[in-house]
1. I want to confirm something. Restricting to the range 16-50 and keeping residues that are part of a loop (DSSP other than H, G, I, E, B) and under 26 Å from the mean Cα position of the chain (by Cα), which single residue is nearest to VAL325 (Cα to Cα)?
2. Only residues in the range 8-25 that are free of Cβ contacts under 8 Å to residues at least 40 places away in the same chain count as the first member; pair them with residues that are outside any helix (DSSP H, G or I), Cβ under 9 angstrom, at least 6 apart or cross-chain, and list the lot.
3. When the range 249-276 is examined, which residues are found to be closer than 12 Å to ALA68 by Cα and part of a loop (DSSP other than H, G, I, E, B)?
4. What is the number of the single condition among (1) within 23 Å of the chain's Cα centre (by Cα); (2) surrounded by fewer than 22 Cβ atoms within 10 Å (Cβ to Cβ); (3) at pLDDT 90 or above; (4) not aliphatic (A, V, I, L, M) that PHE190 does not meet?
5. Within the range 137-158, is there a residue that is modelled with pLDDT under 95, surrounded by 16 or more Cβ atoms within 10 Å (Cβ to Cβ) and among the charged types (D, E, K, R)?
6. Give the range 97-138 a look and list any residue that's in a loop (DSSP other than H, G, I, E, B) and over 19 Å from PHE270 (Cα atoms), or say none.
7. With respect to the numbered conditions (1) crowded, with 23+ Cβ neighbours inside 10 Å; (2) farther than 23 Å from THR142 by Cβ, which one is the sole condition not fulfilled by ASN265?
8. State the number of residues belonging to the range 8-63 that are of a type in the set (Phe, Trp, Tyr) and under 15 Å from GLY300 (Cβ atoms).
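The values are calculated or read from the model by the stated rules, or taken from the named source; none is laboratory data. Quantities reported herein were computed from a predicted structural model and do not represent experimental measurements. For neighbour counting, all protein chains shown are included, and Cβ atoms are generated from backbone atoms with ideal geometry for every residue, glycine included.
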Amino acid sequence: MKRLPLSGVLIPLLSVLVAMFFGGIMIAVQGINPLYTYEVLFETAFLSFDGISVTLAKATPLILSGLAVAICLRAGLFNIGAQGQLISGALASAWAGYYFVGLPTLIHIPLALLFGATFGALVAFIAGALKAYRGVHEVITTIMLNSMVIAIADYLASTPFKEPDQPLTRTPAIQDSARIPDIFGLPFGFFIAIAFSIALWWLLRNTTTGFRIETIGRNRNAGWYAGISVKRVTILSMLVGGSIAGIAGAIETLSITGRFEPAFNAGLGFDGITVALLGRGNPLGVIPAAILIGGMRASGSTVQFKTGVSPEIVDLLLALILFFVTAPLLARLLKRRHENVAITSGWSN
């Protein structure tokens, strides 16, 4: 069995520790004990059954949005559009959840999830097709699609899909038959997310499709020379990533919010980028990364109430983690560019 490189564990762990160290300095500047703050954070998130339940609920969409980014990273693509894909999936599943009446639960829930996956994949397909056939960089298209999807979703939730006689921008509540239940007090969506992580990990390790994705991600030109269709892999990776992000939004709608409300999905897709990078693009690595970040999100208000720390401290810690986990990657890219420039200069002299 192939072992995970030591750096694949050490870099994320050190990134979290260093981020907490600098975050502790910021907390101390406010005149608050950072050790007590972290104690409250971890006790609230991980040392009670209710805290664990909330943490896992927060971690569920993060695992899936992290997978949406991770599968594209493995193919050499940077999917910044998980937020737009997640929102489109959340809205589509909400519509399916309240529009179809009289369906049994065993049909209604999978149908609503299918709507979420389909519309998430549709948004991602646009970016994938532009990358494959026109060479448009996926970072540019996914950022633009995020803005477009958010605007379209807000319009739909405020006009044609709006709940009647309601001043708020939201859709009607989904049918009871579309609600994803808890299992023994734990969110069932979390176990769905774990299943997707294991399935994606298995696909990358044990299938020819996974081999093609890994090959293109490591060396696009070598993959093309070996007969692998770069265009097909690019579109497929974006489709898989978009569908998983759409399911993340669907599960959030069907198990937490019970309807589509734009504000409740803010930032979940962008946190998925942090999760994917902290998990080093490994489908199994995103699980502990999402649980950690989910715990921080779940305990944020309690930490603020008990310690008096600034409410932005959780966002600060996440930003520091993202910075330190990507710093080695940026250093490698800059070093590689410098070496390429040096080689080119040597040949031209």
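1. So the first thing to find is which residues in the range 16-50 are part of a loop (DSSP other than H, G, I, E, B), and the list is 30-33, 47-48.
Okay, now just the ones that are also under 26 Å from the mean Cα position of the chain (by Cα), so 47-48.
Values: LEU47: 26, SER48: 29 Å.
Within the range 16-50, the match that is nearest to VAL325 (Cα to Cα) is LEU47.
2. Listed pairs, sorted by first residue: VAL9/ARG280; VAL9/GLY285.
3. Matches in the range 249-276: none.
4. (2)
5. Yes, some residue in the range 137-158 is modelled with pLDDT under 95, surrounded by 16 or more Cβ atoms within 10 Å (Cβ to Cβ) and among the charged types (D, E, K, R).
6. Matches in the range 97-138: PHE100, VAL101, GLY102, LEU103, PRO104, GLY135, VAL136.
7. Checking ASN265 against (1) crowded, with 23+ Cβ neighbours inside 10 Å; (2) farther than 23 Å from THR142 by Cβ, the one that fails is (2).
8. Taking the range 8-63 first, the residues of a type in the set (Phe, Trp, Tyr) are 21-22, 36, 38, 42, 46, 49.
Now narrow it down to the ones that are under 15 Å from GLY300 (Cβ atoms): 38, 42, 46.
Number satisfying all stated conditions: 3.
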